[in-house]
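Note sheet for the following structure.
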Amino acid sequence: MVFRVELSDRAQADITAIYDWLRSQQAGDAGERWFVALREAITSLSTLPLRCSVAAESRESPVEVRQLLYGRQPHFYRILFAVEGDVVRVLHIRHGRRRPATQPSQNP
């Protein structure tokens, strides 16, 4: 089964903030490649999204929240998402060192 991947407003804002930060750090080609690979990781959720573990945020959410880890320690990100039928909704993208979110946004 192929899932449709949708980004919430919050996840889109997270992506924009990450990209802006990379540009501010003058990451150059390496930063651009990292960012493109982040987008590819998100797109990979269209296949077998349930391969990813349940996130700690599930305890505080009315829906099951899963996480896809992207990057290498200590600079990894947690892509938080929910599966609703044939749709994977990316809720939030957080740096791995941050504490779990209290309530991942469910907004489209």
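Of note:
- Qualifying residue in the range 21-39 (condition: part of a helix (DSSP H, G or I), touching a Lys or Arg at 6+ places or on another chain (Cβ under 9 Å) and touching a residue at least 24 places away in the same chain (Cβ under 8 Å)): no
- Members of the range 7-61 that are polar (S, T, N, Q) and open to solvent by less than 80 Å² (accessible area, probe 1.4 Å): S8, Q12, T16, S24, S44, S46, T47, S53, S58, S61
The values are calculated or read from the model by the stated rules, or taken from the named source; none is laboratory data. Quick caveat: nothing in here was measured; it's all calculated off a predicted structure. Positions of Cβ are backbone-derived with ideal geometry, glycine not excepted, and every protein chain shown enters the neighbour counts. Surface areas here come from the heavy atoms of the whole protein model, side chains and all, with no ligands, DNA or RNA. Shrake-Rupley method; radii C 1.70, N 1.55, O 1.52, S 1.80 Å.
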